[in-house]
Amino acid sequence: MSKVPGHISAEEFLAQLRRYQKGSISRRQFLGVTGLGLATAVLSSAVPGLRPRKAYAGLSGTVNFTTWPSYFAQENLDNFTKNTGVKINVSIFGSNEEMLAKLQAGSTGWDVFVPTNYAISTYKDLGLIEELDLSRLPNYDAASQEKRFTEQGVIDGKTYAVPKDWGTTGFVYNSKATAEKPTSWKEFFDLTQGPWSGRVMVHDYQLTTIGNALKYHGFSFNSNDEKELAEAEKLLIASKPHLFGINSDYKPSLIAGDAWASVCWTGDATQLQRDMPEMTYILAKEGGEIWSDFYAIPKGGQNIDAAYALMDFLLTPEINAKEVQAHGYPSTDARTNKLVPKAMLDNPVLYPAAELLAPLEFGAAATLTNPLRAEIMARFKAA
């Protein structure tokens, strides 16, 4: 049996090479297993992916990146700038409605943004989003994605967005601040008007805030029925005087102890629990939301080359794994999941049991542009 000089058999080397090319193991793991750490330069002409990442040729200026709170690894953005010379200007938004209004107003200056699954078809129908050229995203592999988290990015056979990650919307509460142990939206809102008065936050985002009020009554998270929405509005108006705040960036208030509980997304719960294990994340027994977020390029982007480069960089499995470890949202990419620490894969906040996921609903496109929902949210905030 032939051997690679000083290390493993040629057959084993080829097997490890195939694993590396498929993304099953990282570059570092490949070099370690094969003993080729010092020979990378020799192999780089035959295996281009082994070369140290170089700056993307011809890139310059700034890429404007619009995303959600606490939703990226700063280390990765810094490394992108170091490798390319392109600066990254990050803008934070709290809802897809806010993103839509900004895009419709025109001249956003955005190059890359992060829409949620249910919003993509609306952006496409309104001509606000570019069809993607997947040849410019070599690190994206559709075959490694879980279809239920990715299919909303493909419309009529054309790809308008590629998946970033997925998650759930539940609520979090500080178990040291209260003896109550709620497991439902009914308990969440009842406690808001009772023992938790003045200590609860909800999102500044109609989809989740109205959706969870609908679940309190046993209605669909996505209901646009006027009578059902009226019931949800009554609950929200009654709760308003008891709220600490309405804000999609709720973590600072929870960390400070000003708020005890909030409607919460997966990754925020993961981040909170790192330093405050008393923060308990609940997927309400009535159900709620499951979602996936995407990378996309809006119409009118000024630095398209840098936009593609940034997306491709963040989709690299090794880079994406660092994203997951930083923000705490599970990846849709099987290659990335192989590089994430087992403790995260076993975390029930990131990967809930199937019976908890079963009653959850993906947001529906019709909720984004429903004027009645917008009116209800406006009245709630003004009450």
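How big is the Kirkwood radius of segment 298-383, worked out from every pair of different alpha carbons and given in Å to one decimal? Over segment 298-383, the inverse of the mean reciprocal pair distance is 16.6 Å.
With kT/(6 pi eta Rh) evaluated at 37 °C and eta = 0.692 mPa s, and Rh the Kirkwood radius from Cα pairs, the chain diffuses with a coefficient of 147 µm²/s according to Stokes-Einstein. For the chain, modelled as a GNM whose springs connect Cα atoms under 10 angstrom apart, the maximal fluctuation among Gly267, Gly257, Gly58 occurs at Gly58. Summary value for the chain: 24 percent relative contact order, contacts being C-alpha pairs under 8 angstrom separated by 6+ residues. Based on every Cα atom in segment 182-326, Rg and the maximum pairwise Cα distance Dmax equal 18.1, 53 Å. Segment 169-238 and segment 263-313 have Cα centres separated by 21 Å. Return the carbon/sulfur percentage of the accessible area of the chain, one whole number, probe 1.4 Å, all protein chains in place. The nonpolar share, carbon plus sulfur, comes to 52 percent. When Lys and Arg each count +1 and Asp and Glu each count -1, what net charge do the other residues less than 12 Å away from Thr336, Cβ to Cβ, add up to? Net local charge, Thr336 excluded: -2. Accessible surface for segment 54-119, divided over its residues, is 41 Å² per residue with a 1.4 Å probe. Summed over the residues of segment 134-231 and divided among them, the accessible surface reaches 41 Å² per residue at a probe radius of 1.4 Å.
Please give the charge dipole size of the chain, origin at the Cα centre, charges +1 on K and R Cβ atoms and -1 on D and E Cβ atoms. Round to the nearest 20 debye.
Numbers: 37 positive and 42 negative charges, 234 e Å.
Dipole of the chain, to the nearest 20 debye: 1120 debye.
The translational diffusion coefficient of segment 97-171, from Stokes-Einstein at 37 °C and 0.692 mPa s with a Kirkwood hydrodynamic radius over alpha carbon pairs, comes to 241 µm²/s. I'd like the distance separating the alpha-carbon centroids of segment 112-156 and segment 59-94, in whole Å. Comparing the Cα centres of segment 112-156 and segment 59-94, I get a distance of 20 Å. Using a Gaussian network model of the chain in which every pair of alpha carbons under 10 angstrom is joined by a spring, one finds that among Ala161, Ala307, Ala365 the greatest mean-square fluctuation is at Ala365. Seen from Gln193, the other residues with C-beta closer than 14 Å to its C-beta sum to a net charge of +1, counting Lys and Arg as +1 and Asp and Glu as -1.
Accessible surface computed residue by residue for segment 233-338, with neighbouring protein chains in place and a 1.4 Å probe, gives 31 Å² per residue. Working from Cα pairs under 8 Å separated by at least six residues, relative contact order for segment 127-205 is 21 percent.
The values are calculated or read from the model by the stated rules, or taken from the named source; none is laboratory data. All values derive from a computational prediction rather than experimental measurement. In this analysis, Cβ positions are derived from the backbone assuming ideal geometry, glycine residues included, and neighbour counts consider all displayed protein chains. Accessible surface is based on the protein model in full, side chains and every heavy atom, while ligands, DNA and RNA are left aside. Shrake-Rupley method; radii C 1.70, N 1.55, O 1.52, S 1.80 Å.
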